[in-house]
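Chemist: Just passing along the structure, written as structure tokens.
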Amino acid sequence: MAEQSTPEHLVIFMPSGRRGRVPAGTLVLKAARQLGVEIESICGGRLTCNKCRVQVEEGHFAKHGIISAKHHLSPATEEEIRLLDKLGSPECRLSCNARICDDALIFVPEESWAHKQVVRKAATERIIELFPAVRQVYVEVDHAELGEHRGDWGRLQEALATHWHLTNLTIDLPVLRVLQANLRQKNWCVTVTLWQDKEVIDVQPGYQEGVYGLAVDIGSTTIAGFLCDLRTGDILATESMMNPQVTYGEDLMSRVSYAMMHRDGLEKMNTAVLEALNRLAASTAREAGIRQRDVQEAVFVGNTTMIHILLGISPIELGGAPFALANRDGMDVKARELGLRLHRSANVHVLPAEAGHVGADNVAALIAEEPYTGDAVTLLVDVGTNAEIVLGNKRWMLSASSPTGPAFEGAQIRFGMRAAPGAIERVRIDPETKVARFRVIGEERWSNEWQIGSEFPAEAQPQHLAAGICGSGIIEVVAEMFLAGILQPDGRFNPNLHHERIQWDGRRGEYVLATAEQTTTGSPIVVTQDDVRNIQLAKAALYAGVKLLMNQAGLTRVGRIVLAGAFGSYIDPKYAMILGLIPDCDLAQVTAVGNAAGDGARIALLNKHKRQEAQHISEWVTYVETAVHPDFQQEFVGAIHLPHASDAFPHLNHILPEAAPVVELNGNGRGKRKRRKKKRVDVSRN
């Protein structure tokens, strides 16, 4: 009688997106390691370190093609239940103790990662004029006397009017509740905290100093926060974390669909982001040596979907034409109403949006870079899961969005990963030998300088082997494969190229980027045809959006390109242009400015007048709707090619392969190819 084989189940780990089938009964920790997901575990499965916590998501996840439930893991033992209750995480499981019994979508929280994500949304140094919305004043108040009936709030109002010329003030109810006790504690001398010189949000006994604010960029993939001293403008602490909503969808439309298809979808995503924001506030406050409840003001920016979910507003209307917003204008809301654990009377300001898919993050980038103040035409591109594009100068400005998807973040790539130690971030391929050398985050040496093996001393061994490919790495490897002749301009593997680094599955090729001995898993890291196609689709969506704006402005060239966002700051402009991510431009005029959206949020936090400027700019910019534009499909098809089917790139004449095919497109996006001769000149490979 034949032995029955052990059934296998599909396991997907988020937010990395790594998936695979493992035999029933496999420990979650072992499954994770087999799939290249590094979960921290110090105790070796003895249930003592408690660092390997994971969470099983429940429901039908159509995008991932999986039905997941908590009972798809083995039941928790009494010891595991006791430990998780002690840790305040009864909803989690310990991956060293839970076994796979059925298909499961498993979320690995950031604190359980063996290699923490590298913060790539850091603030940049900028000169900011300080006009915060929150300030403190010291005042001495008249004592209450028998027969005088103004009330303590009336007495405080009169003192503020007399000494500070502040009138028509209101007082937040939680402050009023403790006003009398605080007035009497220091003999009627108090420090009053005011918001916009309109509302009293705190009254402290005696003389006090210290007003703090939090600026947050809520990205689809990453949340970045900056805790600032509102008196000095100093950044006291910076924190970055994964947006936990990635479990419910890696891109915006996936999250809109999740809210649409699940009755509790909006609530789950809202709760997830609020919990993350509370953790971020607590972490930055702890680093700055203050209390979380000392944070008296916050400014949040994000794309329109993120802001809707943050405010508990259904994003469903953003999922289809006419892409209607619940509110386009900037707004102020009490932090406590959102469920944020800041100061009891803290206000949160949300910057305005421009249109259905160009949100507060783009407006924040605009007030940070101010392209609307100069004569030069600037193309500003915030590269991310949803790319925002702005083109113009002080006389006119156009904006658009392009749904690039998460491929640039390392998702939808077989060996893709976030920017963490071990992620391949730089790649060079020898055009003659077709062999790659690469550099990983956390290791300064290139892979061809590594000495691996027991025969080499420990100091010669690399600190980190390759664990996967992050966004900047996938851009470079696809561009380098094209330059080396491994890829054809249409993105397909060259069928006439026979090399040990190129493997074939029928007509589908894959390229061995890192050999087995160079990786953490002991298996090669490859770049597949699907990986290349996903990058082509993402870059074509972005380029098509840019071309629509250029066409509307009557431009065939741009003189200056600014790359913003965490990803935009780490890609090499040369490779972005070789890939066809951005149009042709003098490479010296292509600059990266870091997290411009986060900087814009910080500027609005420290200067209340910039909030008014943001409102004006959001109404002045002309939005171009790419999703329904009649020329989008033709521009998209042309942009699929590397770098483009028909657009010229004269600034790359000395770099592109000797013969690059050109496709002349007709009205239906089809056409025949001709070949354009180009001289290939070696460029620096460093």
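The values are calculated or read from the model by the stated rules, or taken from the named source; none is laboratory data. Just so we're clear, the structure is a prediction, and the values are computed from it rather than from any experiment. Positions of Cβ are generated from backbone atoms using ideal geometry, with glycine treated the same way; all protein chains shown enter the neighbour counts. The area values use the complete protein model at the heavy-atom level, side chains included, leaving out ligands, DNA and RNA. Shrake-Rupley method; radii C 1.70, N 1.55, O 1.52, S 1.80 Å.
Chemist: Hey, what number do you get for the chain at 222 nm if only DSSP H runs of n ≥ 4 count, each worth -39500 (n - 2.57), divided across all residues, to the nearest 500?
Modeler: About -8000 deg cm²/dmol.
Chemist: Give me the 1.4 Å probe accessible area per residue for the chain, excluding ligands and nucleic acids, in Å². Walk me through the numbers before you get to the answer.
Modeler: Working: 28430 Å² over 686 residues.
Heavy-atom accessible area per residue stands at 41 Å².
Chemist: Amide H of Glu199: which non-local residues (sequence gap of 5 or more, or other chain) have their own amide H closer than 5 Å, using H built in the peptide plane?
Modeler: Thr170
Chemist: Something else about it: Let me spell out the model: positive unit charges on the Cβ of Lys and Arg, negative unit charges on the Cβ of Asp and Glu, origin at the Cα centre of the stretch 1-101. What dipole size does that give, in debye rounded to 20?
Modeler: 260 debye
Chemist: Under a crude label model (7 Å from the Cα following the beta-carbon direction), how far is Glu619 from Glu78 in nanometres?
Modeler: Those two pseudo-labels are separated by 6.8 nm.
Chemist: Between beta-carbons, use under 12 Å as the cut-off and find the net charge around Asn182, counting Lys and Arg +1, Asp and Glu -1.
Modeler: +1
Chemist: If you don't mind, another one. With all protein chains present, how much of the accessible area of the chain (probe radius 1.4 Å) comes from carbon and sulfur, to the nearest whole percent?
Modeler: About 48 percent, which is the carbon plus sulfur part of the accessible surface.
Chemist: Along each principal axis of its Cα atoms, how long is the stretch 182-313 end to end? Whole angstroms, biggest number first, please.
Modeler: Between the extreme Cα coordinates on each principal axis of the stretch 182-313 lie 59, 26, 21 Å.
Chemist: Could you please report the charge total around Ala479, scoring K, R as +1 and D, E as -1 over all other residues with beta-carbon less than 9 angstrom from its beta-carbon?
Modeler: That sum, taken over residues with Cβ under 9 Å, equals -2.
Chemist: What is the calculated FRET efficiency for Arg263 to Ser89, with r their C-beta to C-beta distance and R₀ = 35 Å, to the nearest 0.05?
Modeler: Approximately 0.85, to the nearest 0.05.
Chemist: With +1 on each Lys and Arg Cβ and -1 on each Asp and Glu Cβ, how big is the dipole of the chain about its Cα centre, in debye rounded to the nearest 20?
Modeler: Using Cβ point charges on Lys, Arg, Asp and Glu, the chain gives about 1420 debye.
Chemist: Given H placed on each backbone N at 1.01 Å, which residues far from Met417 in sequence or on other chains put an amide H within less than 5 Å of it?
Modeler: Here Ile469, Cys470 satisfy the definition.
Chemist: Once the dipole of the chain is set up with Lys and Arg at +1 and Asp and Glu at -1 on Cβ about the Cα centre, which of Thr193, Met577, Met397 lies farthest towards its positive end?
Modeler: About the Cα centre, the residue reaching furthest to the positive side is Met577.
Chemist: Ok, one more. Say the dipole of the chain comes from +1 at the beta carbon of Lys and Arg and -1 at that of Asp and Glu; which of Gln245, Val624, Ser447 then lies farthest toward its positive end?
Modeler: The residue sitting farthest along the positive end of the dipole is Ser447.
Chemist: Which of the residue pairs Lys186/Lys610; Lys198/Lys268; Lys547/Lys574 have a Cα-Cα distance greater than 30 Å in the structure shown?
Modeler: Result: Lys186/Lys610; Lys198/Lys268 exceed 30 Å.
Chemist: Computed from these coordinates, which is Cα Rg over 2.2 N^0.38 Å: (1) 0.98; (2) 1.17; (3) 1.05?
Modeler: (3)
Chemist: Just to verify a number: FRET efficiency for Arg293 and His149, C-beta to C-beta distance, R0 = 41 Å, to 0.05?
Modeler: On the way: r = 34 Å, r/R0 = 0.82.
It comes out at approximately 0.75.
Chemist: When the Karplus curve 6.51 cos²θ - 1.76 cosθ + 1.60 is applied with θ = phi - 60°, which whole-Hz ³J(HN,Hα) does each residue of the stretch 415-428 get, with x for Gly and Pro?
Modeler: 10, x, 7, 6, 6, 8, x, x, 7, 5, 10, 9, 9, 9
Chemist: Would you mind classifying the stretch 566-640 by shape? Square roots of the alpha carbon gyration tensor eigenvalues, ordered a ≥ b ≥ c; an a/c under 1.5 is rounded, otherwise it is prolate if a/b is larger than b/c and oblate if not. Please list the in-between numbers first.
Modeler: On the way: a/c = 2.99, a/b = 1.38, b/c = 2.17.
Oblate, because a/c is 1.5 or more while a/b does not exceed b/c.
Chemist: I'd like the orientation of helix 265-288 relative to the chain: the angle between its Cα long axis and the longest Cα principal axis, in ° from 0 to 90, rounded to 10.
Modeler: Compared with the principal axis, the helix lies near 70 degrees.
Chemist: Report ³J(HN,Hα) in whole Hz for each residue of the stretch 360-372, in order, from the Karplus equation J = 6.51 cos²θ - 1.76 cosθ + 1.60 where θ = phi - 60°; Gly and Pro get x.
Modeler: For the stretch 360-372, the Karplus-derived couplings read 5, 5, 5, 5, 4, 4, 5, 6, 7, 8, 6, x, 7 Hz, x marking Gly and Pro.
Chemist: Among Val273, Met306, Ala288, pick out the residue whose Cα is farthest towards the positive end of the charge dipole of the stretch 266-318, where Lys and Arg carry +1 and Asp and Glu carry -1 on C-beta, about the Cα centre.
Modeler: Of Val273, Met306, Ala288, it is Ala288.
Chemist: Ok, one more. Under the Karplus relation 6.51 cos²θ - 1.76 cosθ + 1.60, θ = phi - 60°, what is the ordered set of whole-Hz ³J(HN,Hα) values for the stretch 476-484, x standing for Gly and Pro?
Modeler: Computed from phi, the couplings for the stretch 476-484 are 5, 5, 5, 5, 5, 4, 5, 4, 7 Hz.
Chemist: Note down the net charge around Met261, summing +1 for each Lys or Arg and -1 for each Asp or Glu among other residues with Cβ under 13 Å from its Cβ.
Modeler: Charge balance near Met261 sits at +3.
Chemist: Given H placed 1.01 Å from N in the peptide plane, which residues other than close sequence neighbours of Arg426 have an amide H under 5 Å from its amide H?
Modeler: It is Arg439, by chain and number.
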